[in-house]
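The values are calculated or read from the model by the stated rules, or taken from the named source; none is laboratory data. Bear in mind the structure is a predicted one, so any value in this text is a computation, not a measurement. Cβ sites come from the backbone with ideal geometry, for glycine too, and all protein chains shown count toward neighbours. Note: areas computed on protein heavy atoms with side chains; ligands, DNA, RNA excluded. Shrake-Rupley method; radii C 1.70, N 1.55, O 1.52, S 1.80 Å.
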Amino acid sequence: VFDLHRHNIDHITVPSSRGPEFGVLRRIDDVFDCWFESGSMPYAYIHYPFENVELFEKNFPGHFVAEGLDQTRGWFYTLMVLSTALFGKPAFRNLICNGLVLAEDGKKMSKRLKNYPSPMEVINDYGADALRLYLINSPVVRAETLRFKKDGVFGVVKDVFLPWYNAYRFLVQNAKRLEYEGSAPFVPIAVAVIQKSSNVLDQWINSATQSLVHFVREEMDAYRLYTVVPYLLKFLDNLTNIYVRFNRKRLKGRTGEEDCRMALSTLYNVLLTSCKVMAPFTPFFTEVLYQNMRKICDGAEESIHYCSFPQEEGK
């Protein structure tokens, strides 16, 4: 047989290996949908029910599955059908479904037409973190289509990373200034003491930071990626345009050294906490800031990605 199309093989029969009394083998009319085995993934990958029964029962259904919108009538569907038939419940607790990324003109991205910028060019120009935040903040994480614009990635650099970095740079400059002026090197005051600061702006930015921790944890528990960036933008705007701007005199030491150290410690703690919160979203940028900030923190982890996600403390 050289051609395996049906009309060439349907007439072929094979004698049963069990003996002539069992008749002959022939191709059955119905062929299983090839999606059947991918829908069997939660069971098949650990050879359930033939082994690993306890492991399976402890972990089923999985916390989440993640795939593109094009899997709706393929994988998502067969996962649901099989688990419903077998166990009367879904095969996953949460579904992260992304839409499709299109070219800026709304057409499908095409290598032949070259109607999109090279991903490496975007990363080299603006960084992987900016690209990541741009995608997380787009309709694509809500299973809708995204018209990819390189300008949008630049917008993230301008609106998120520059203000964030400027607040960090202002902290570093003024911490070093203490040493240049002959004072003791800057060492952040303990968090418990910072939270008792009598300055209303310190109290307010500490509270805003705890709100950020609370919000991001709550949204991530619900798998809502797309709500994080707008909240972060609001937080950074408060940090740079209100806290840093209204505290310039304190941060520059014009209200006395003790008050200056309290303001710098507050800014340090806010930046450190916000970096830990945002590390999963901006892994490279937060690591760079953390590597410098950890130098004055005893017992700090080697990398921000070894740190636990912050717990809510204070108001």
Kindly state, to the nearest 0.05, the FRET efficiency for Arg27 paired with Lys107, given R0 = 41 Å and r defined as their beta-carbon distance. 0.45
Magnitude of the Cβ-charge dipole of segment 28-98, K/R +1 and D/E -1, about the Cα centre, nearest 20 debye? 380
Antiparallel bridges, percent of DSSP beta bridges restricted to the chain (to nearest 5): 20
Just flag the trypsin sites (Lys or Arg not before Pro) in segment 57-119 sitting in loop per DSSP whose Cβ has no more than 16 other Cβ atoms within 10 Å. Lys107, Lys108, Lys111, Arg112, Lys114
Overall Cα dimensions of segment 212-281 - principal axes, largest extent first, Å: 46, 18, 16
Express the C-alpha Rg of segment 28-98 as a ratio against the empirical globular expectation 2.2 N^0.38 Å, rounded to two decimals. 1.14
First compute the accessible area of segment 153-306 with a 1.4 Å probe, then give the percent of it belonging to carbon and sulfur atoms. 54
Rolling a 1.4 Å sphere over the protein heavy atoms, what is the accessible area per residue of the chain, to the nearest Å²? 61
Please list, short to long, the whole-number percent of alpha-carbon pairs of the chain in consecutive 20 angstrom bins beginning at zero. 24, 41, 24, 9, 3, 0
Using only the C-alpha atoms of segment 140-298, find the volume of their convex hull and express it per residue in Å³. 119
Relative contact order of the chain: what whole-number percent is it, with Cα pairs under 8 angstrom and at least 6 residues apart? 14
Using a 1.4 Å probe over the heavy atoms of the protein chains, calculate the carbon and sulfur portion of the accessible area of segment 28-98 as a whole percent. 61
With +1 at each Lys and Arg Cβ and -1 at each Asp and Glu Cβ, the charge dipole magnitude of the chain around its Cα centre, to the nearest 20 debye, comes out at 1200
Report the per residue volume, in Å³, of the convex hull enclosing the C-alpha atoms of segment 205-251. 53
Summed over the other residues with a beta carbon less than 11 angstrom from that of Ile9, with K and R at +1 and D and E at -1, the charge totals +1
